[in-house]
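Contents: one structure, followed by commentary.
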Amino acid sequence: MSASTSASPAARKTMPSALTFDLHVKCSTTKARASTLHLPHGAVPLPIFMPVATQASLKGLTYDQLKQTGCMLCLNNTYHLGLKPGQAVLDEVGGSHKLQGWDRNILTDSGGFQMVSLLELATVTEEGVRFLSPHDGSPMLLTPEHSISLQNSIGSDIIMQLDDVIATTSPDHARIKEAMERSVRWLDRCIDAHKNPEKQNLFCIIQGGLDLDLRKKCCDEMVARDTPGIAIGGLSGGEAKDDFCKVVGTCTQLLPDHKPRYVMGVGYPEDLIVGVTLGADMFDCVWPTRTARFGNAVTPTGTLNLRHKSYAEDFAPVQDGCTCACCRPTNQGGLGITRAYIHHLASKETVGAHLLTIHNVHYLLSLMGSARQAILEDQFPAFLHKFFGDLYGDKSKSPQWVIDALRGVGVDLLSD
Ligand SMILES: [Zn+2]
């Protein structure tokens, strides 16, 4: 594959890093890890779920409310911030932390995925992603250099390379191979363009669709470039869950122990826990906050649609025992919100969505915290049995892909 890259990695200078990754323990059965990621705006316990604050705000939540969920690291979208307020304002104010009044960590995407997914007329060439401005229809070009420049102005603690993203379900193998090789070349351009490596951590993104050989080659090339962290990209695009697990498991097998691993676009509780089991540390998704706007509460026993009339007179908290600001009783400093109240609000008032957003983000953060604690105590297989038992009512009723993925790392959900 050396012909596909712009420079031999051996000839490149070592990239500085603005993070420290402390790997505390690996599960003695599965590939799960517990670690702490020290970033410029504080320590982040891993594994972690990262909520997505699209327009530099998490839909409906103030930053105090986001802090109360325990969030130490959230996402901003480069594409949205680049359009508004725009790079000049970001430079003037001194970056996104100051703009938002958020003193914890931020991760930004490259902006490329937003364009390809949102804009019908986006086309990818070696130069970059061409698209028409959603404001005035004028032709625009997002290059690796421009993406990094925007992210340097945003000042995020973790920045992502621009990659060439293809749907995993694409039948065009040649195009998937081209996209993987181009992503490696674009990483080299991102590394050269990065102005703040001592303050901002650039993560590479492994591509290669569902082709495990392409994924392996991409891992080799990306790892050789020695970025502070590594992402596995291009998944959660409608592929079969078995394929998702194979790609994640194949990549984590080849990645160095001493770097954080981020699987992009994952947010369903069962996907997060299987991802952790396969050796991934970081995940993000808009789903938990988006689904809150449809009246859906994420809980250990599944997702409840509180718009359903069966909740009209259900005066239990959204989730029994939950310690989020929404569910916690008033005599413990919470709001003591009931399912019936959310049901009442859900169809009329946005405050219902705000309350469920608080709950859903808190739930996923605490779920990852519980997984981390179980890994630290070397009780993770028992945690898996309980988690899937609660979620599906009976762990033997777990979907086949979950049973197979866990069996592949030494946990049999069908045994006692
Ligand atoms: Zn709650």
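None of the figures in this text is laboratory data; all of them are computed from the coordinates on show. Please read all numbers here as calculations on a predicted model, not as lab measurements. In this analysis, Cβ positions are derived from the backbone assuming ideal geometry, glycine residues included, and neighbour counts consider all displayed protein chains.
Structure notes:
- Of the residues A193, A325, A382, the one that moves most in a GNM of the chain with alpha-carbon contacts below 10 Å is A382.
- Considering only the Cα atoms of the range 296-350, their convex hull presents on average a projected area of 3.7 nm².
- Highest average first, the peptides 206-216, 96-106 ordered by how many other beta carbon atoms sit within 10 Å of their residues are 206-216, 96-106.
- Positive dipole terminus of the chain, leading residue within G249, V25, H97 (C-beta point charges): H97
- Counting only DSSP beta bridges whose two residues both lie in the chain, roughly 50 percent are antiparallel.
- Segment T323-L132, length gained on full extension (0.36 nm per residue, minus Cα span): 64.2 nm
- FRET efficiency for L254 and L141, using Cβ-Cβ distance with R0 set to 25 Å, rounded to 0.05: 0.15
- 36 Å tail of the calculated P(r), the chain, as % of Cα pairs: 24 percent
- Exceeding the 32 Å Cα-Cα cut-off - candidates K26/K84; K309/K386; K98/K348; K195/K241; K195/K246: K26/K84; K98/K348; K195/K241; K195/K246
- Lacking any other cysteine beta-carbon closer than 4.7 Å, the following Cys residues of the chain have no compatible partner: C27, C71, C74, C190, C204, C218, C219, C245, C251, C285, C324, C326.
- Maximal additional length on extending the H38-R407 stretch stands at 129.6 nm, based on 0.36 nm per residue less the C-alpha distance.
- Compactness of the range 73-280 was expressed as the Cα radius of gyration divided by 2.2 N^0.38 Å, which yields 0.99.
- Pairwise label distance in nanometres, Q68 with T350, each label 7 Å out on the Cα-Cβ vector: 1.9 nm
- Remark: the range 254-350 is approximated by an ellipsoid whose semi-axes, taken from the C-alpha gyration tensor as √(5λ), come to 32, 15, 11 Å, largest first.
- Per-residue [θ]222 nm for the chain (sum of -39500 (n - 2.57) over DSSP H runs n ≥ 4, rounded to 500): -11500 deg cm²/dmol
- Rounded to the nearest whole angstrom, the semi-axes of the ellipsoid equivalent to the range 260-416, taken from the Cα gyration tensor as √(5λ), stand at 29, 16, 15, largest first.
- 10 °C / 1.306 mPa s Stokes-Einstein diffusion coefficient of the range 192-271, Kirkwood radius on C-alpha pairs, µm²/s: 119 µm²/s
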